[in-house]
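Below is one structure, written out as structure tokens; the observations come after it.
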Amino acid sequence: MLRFSLLMLVAAGVYAADSGVDIDTAANLYQAGQVRAQVQASLGAMPAHVRQLFAADGANKLSEQQLAAVTAAAQRGFRIDVFEPPALSALAANLDPAGVKKSQAFLESDLGRRMVAADVAAAQLDEASIDKVMDGSLVAPSTPERDALMDKLERASQYTESTVQIFLTMGQAVATGTATGSGMDPIAVTERARKSGEASRAGLQQNMREPLRRFMAYGYRDLSNADLKHLLSFFESPAGKRYTAAYIAAMSAGFDAMGRRCGEELGESLRELAQAQMPPEGMSPAGSAEAAPGEAAPQAPPHP
């Protein structure tokens, strides 16, 4: 469904109340959607993205040594083995027995397999190609009818909302984990990150909707208009809505876990660096390079 392949929706709470399925059933659906391949495609670039976010933080300038710690922490935190256990648990908790059978049947149908193949191919695009697609310099042929279908499909699948949610979830998780790992009280940091994210949510969704619609259109460029209509029917069905909500909850849980792990690793590293740079007892600490790690974590990351 998306490059990071996407993430906790407000609507997820509506569906979480009445059920759940076992982990094996959820794992079968996870496998049918080739979620692992899509998530893994994003993880290689995460250390550089996280480093860039910290380097761009004007309020908390980090040294090269500290930025190297950011990169190392992201490499240790953003891993598929950290992502999958909480993601699968959240997926299982947010599915229902009747809906999961219909979703499984759809994903294993000819159209479902072609949709998943397109999702995986889009997730595996190189960074330069992704940038060209999202800025409009690399576009898929289209017509007014197809544009209208893509707009409906983007909204029905919660494409933009879920992408924004995963970025905000990840940013808050890194902030919380960093505060925890550095020995700071994470409650205040978490609340600031949450408020910052909520304040930026509407603007991020507005700014990202068109680039992400282009990305979806490019990814599904080989699907016919008839195919898109069938996809829309699935995502607008009760089973499709349930699947979308469960998928979003799973992605949120997985990226939250990776963000927290990254933050905890980073907080510990920055604390160790600060302690190593403290002057001997009795000397002024004026030259020390201690950072405020909890404050350095990204609050509202940009699009991929």
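The values are calculated or read from the model by the stated rules, or taken from the named source; none is laboratory data. All of these numbers come straight from a predicted model, not from anything done at the bench. We place every Cβ from the backbone using ideal geometry, glycine too, and count neighbours over all the protein chains shown.
Helices (runs of 4 or more DSSP H) fully within the range 114-183 that include at least 1 residues being out of contact with any helix residue (DSSP H, G or I) (no Cβ under 6 Å at 6 or more places or on another chain) and without any contact (Cβ under 8 Å) to a residue 12 or more places away in the chain: 127-135, 144-156.
Of all residues in the range 151-168, those that are closer than 19 Å to residue 228 by Cβ, hydrophobic (A, V, I, L, M, F, W, C) and crowded, with 24+ Cβ neighbours inside 10 Å total 0. Among the residues of the range 184-197, those identified as farther than 22 Å from residue 250 by Cβ and either of a type in the set (S, T, N, Q) or not in a loop (DSSP other than H, G, I, E, B) (or both) are 186, 187, 188, 189, 191, 192, 195, 196. Has the range 179-196 got any residue that is under 17 Å from residue 257 (Cα atoms) and polar (S, T, N, Q)? Yes; the residues of the range 179-196 include at least one that is under 17 Å from residue 257 (Cα atoms) and polar (S, T, N, Q). Among the residues of the range 73-86, those that are surrounded by 20 or more Cβ atoms within 10 Å (Cβ to Cβ) and touching a Leu at 6+ places or on another chain (Cβ under 7 Å) comprise 73, 78.
Could you tell me whether any residue of the range 76-95 is closer than 17 Å to residue 251 by Cα and polar (S, T, N, Q)? Steps first, answer last, please.
Of the residues in the range 76-95, the ones closer than 17 Å to residue 251 by Cα are 77-95.
In the following step, the residues that additionally are polar (S, T, N, Q) were identified as 89, 94.
For the range 76-95, residues closer than 17 Å to residue 251 by Cα and polar (S, T, N, Q): present.
Return yes or no: is residue 192 of a type in the set (Lys, Arg) and within 25 Å of residue 246 (Cβ to Cβ)? So residue 192 fails the test. Residues in the range 63-86 that are in a helix (DSSP H, G or I), more than 19 Å from residue 41 (Cα to Cα) and not acidic (Asp, Glu): 6 in all.
Of the residues that make up the range 221-230, is at least one in a helix (DSSP H, G or I), free of Cβ contacts under 8 Å to residues at least 24 places away in the same chain and either surrounded by fewer than 23 Cβ atoms within 10 Å (Cβ to Cβ) or touching a helix residue (DSSP H, G or I) at 6+ places or on another chain (Cβ under 6 Å) (or both)? Yes, some residue in the range 221-230 is in a helix (DSSP H, G or I), free of Cβ contacts under 8 Å to residues at least 24 places away in the same chain and either surrounded by fewer than 23 Cβ atoms within 10 Å (Cβ to Cβ) or touching a helix residue (DSSP H, G or I) at 6+ places or on another chain (Cβ under 6 Å) (or both). Go through the range 1-33 and count every residue that is modelled with pLDDT of 50 or more and closer than 22 Å to residue 259 by Cα. Result for the range 1-33: 1. Among the residues of the range 94-112, which ones are part of a helix (DSSP H, G or I) and surrounded by 14 or more Cβ atoms within 10 Å (Cβ to Cβ)? Within the range 94-112, 99, 100, 101, 102, 103, 104, 106, 107, 111, 112 qualify.
What is the residue count in the range 172-204 for residues that are surrounded by fewer than 24 Cβ atoms within 10 Å (Cβ to Cβ) and in contact with a Pro (Cβ under 7 Å, 6 or more places away or on another chain)?
So the first thing to find is which residues in the range 172-204 are surrounded by fewer than 24 Cβ atoms within 10 Å (Cβ to Cβ), and the list is 180, 183-188, 190-192, 194-204.
Add one more test, that the residue is in contact with a Pro (Cβ under 7 Å, 6 or more places away or on another chain), and what stays is 180.
Qualifying residue count for the region: 1.
Can we say residue 54 is at pLDDT 90 or above, crowded, with 21+ Cβ neighbours inside 10 Å and either of a type in the set (Phe, Trp, Tyr) or at positive phi (or both)? For residue 54, the condition - at pLDDT 90 or above, crowded, with 21+ Cβ neighbours inside 10 Å and either of a type in the set (Phe, Trp, Tyr) or at positive phi (or both) - is not met. Being part of a helix (DSSP H, G or I), surrounded by fewer than 17 Cβ atoms within 10 Å (Cβ to Cβ) and of a type in the set (Ser, Thr, Tyr) is a property that residue 89 lacks.
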